[in-house]
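Have a look at the structure below before the remarks.
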Amino acid sequence: MPYRSGSYYHHSDHPVRHAQGRVQAVRHAVTATDYTLGHAGRQVRLGPIAFWIVVGTLVIMAVWTIATGTYFAFREDVLTRLIGRQAEMQFAYEDRVADLRAQIDRITSRQLLDQEQFEQKLEQLIRRQAMLESRSSTLASVADPTPTGSIKSGPRGSATELPAVAPPKPSPIGDTVIFTAPPDRKARLESPAPPSAAARIANKTNSTGIEGTLARLQSSLDRVETRQASALNSLEESYDVKARRMRGVLTDLGLDPAKMNPGPSNAEIGGPFVPVKPRNDAGAFERQLYRINLARAQVDHLTRTLVTVPVRKPVLGEIDTSSPFGVRMDPFLHVPAMHTGLDFRGNTGDPVPTTASGTVTQAGWSGGYGNMVEVSHGNGFATRYGHLSEIDVKVGQKVRLSQTVGRLGSTGRSTGPHLHYETRIEGEAVDPQKFLRAGIRLGGNS
């Protein structure tokens, strides 16, 4: 029985031991398939799956590294292209920077050039304005102070003005041009960066505005210069017309203007003789001004000459001639007789002006003339004023044009109040009408 029971127990324990054995076998199998990695006394146990993952990864990396190394080893041109591309990008960047710097330099240079051109144009306009102002003063100094064809001697209203040809207009140089100083040049260079598109548009607009302003100033000065030239031409023409008229009158009277001595000047004058001639480098304005000065001097000479020629009327107001020059019936004897002058009706006491400047040679009673004044005018001319009621001058007295020498009356051989007026050349009586008609041409009897 014990054997059995032992057998029984043995028999009954066998399945347990058998199961335990199987578990240990499994554990041994599992332990046999694990992988242990050791380093520096440390161990890492990896399962087969993790192990093969690690191994696979390492193999793939090794293959990739070998393939990449092999590729670059046998394809050096790829690396060369990469390096060349990088160098090209660097050069392109440097070229771009250089272009930007060149643009900045060009913009700066253009601004400096524009500034210099503006300053030069402005300086030219200022110089031109100063020149035009100087010309204006010159024109004012040579302008005829009296209407063309008139003579300055004699009081206002004394019938001494010659016919007025439209006087030259005063020089229209009243235009005022105001210049604005240019901005500081350094302010144009403060910004090192190239201007933006808006700034370039603004600069262009500003430049256009400046150019427009300069153009307007230039146009204004052109108009001023044109008016100056017109005034100068008018002035020259007026002097020429006046001189021709005076020469024509003297020629009609049978006189040679070149041989006649002008009347005395109002002031004592003198000085060394300095010939007048234009400079070699004189421009058109200076040469025309030279011609005007010559014409003005000639007109002044002729004017002072005409002051000594008795071409004005010897009475004031309207002329009322009662007896002409020449043969007539004598009012007392009633026989033909020579009348050596003109008789002008008037009222006793009317002023009798001299018809030209000169010196009194007679002043008193003179036979049939009654109270008579004789004035010598030079160049052989003399005038007589007879039948005066009063004499206001004395012998040797210098009289100017249209100065009163006496009062109209009826003294001497006279039938009533009138003025007996004579014109004599070298002592010979000539018809005063010839001189009075010349005075009419000059406007003296208007």
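The values are calculated or read from the model by the stated rules, or taken from the named source; none is laboratory data. Predicted model, so just to flag it, every value in this text is computed and none were measured. Neighbour counts run over all protein chains shown; Cβ positions are idealised from the backbone, glycine included.
Points worth noting:
- For THR359: the one exception among (1) closer than 10 Å to LEU408 by Cα; (2) within 58 Å of the chain's Cα centre (by Cα); (3) surrounded by fewer than 21 Cβ atoms within 10 Å (Cβ to Cβ): (1)
- Selection count, the stretch 212-229, where residues are among the hydroxyl-bearing types (Ser, Thr, Tyr) and touching a residue at least 60 places away in the same chain (Cβ under 8 Å): 0
- The residues of the stretch 325-340 that are in a strand (DSSP E or B) and among the β-branched types (Val, Ile, Thr) amount to a single one, VAL327.
- All conditions but one from (1) surrounded by fewer than 19 Cβ atoms within 10 Å (Cβ to Cβ); (2) aliphatic (A, V, I, L, M); (3) over 60 Å from the mean Cα position of the chain (by Cα) apply to VAL395; the one that does not is (3).
A quick yes/no check of all residues on (1) modelled with pLDDT of 80 or more; (2) under 30 Å from ARG135 (Cβ atoms); (3) β-branched (Val, Ile, Thr):
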{"site": "THR176", "(1), (2), (3)": "no, yes, yes"}
{"site": "ALA187", "(1), (2), (3)": "no, no, no"}
{"site": "SER191", "(1), (2), (3)": "no, no, no"}
{"site": "ALA198", "(1), (2), (3)": "no, no, no"}
{"site": "THR213", "(1), (2), (3)": "no, yes, yes"}
{"site": "GLU236", "(1), (2), (3)": "yes, yes, no"}
{"site": "ARG244", "(1), (2), (3)": "yes, yes, no"}
{"site": "GLY263", "(1), (2), (3)": "no, no, no"}
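- Residue match in the stretch 118-135 (condition: at pLDDT 75 or above, of a type in the set (Ser, Thr, Tyr) and under 25 Å from the mean Cα position of the chain (by Cα)): yes
- Taken together, LEU388, LEU408 contain a single residue that is in the same structural domain as GLY358 (by TED's automatic domain parsing), touching a Lys or Arg at 6+ places or on another chain (Cβ under 8 Å) and not basic (Lys, Arg), which is LEU388.
- Verdict on ARG345 being touching a residue at least 60 places away in the same chain (Cβ under 8 Å) and surrounded by fewer than 18 Cβ atoms within 10 Å (Cβ to Cβ): yes
- Here VAL395 meets each of (1) free of Cβ contacts under 8 Å to residues at least 24 places away in the same chain; (2) outside any strand (DSSP E or B); (3) in contact with a strand residue (DSSP E or B) (Cβ under 6 Å, 6 or more places away or on another chain) with one exception, condition (1).
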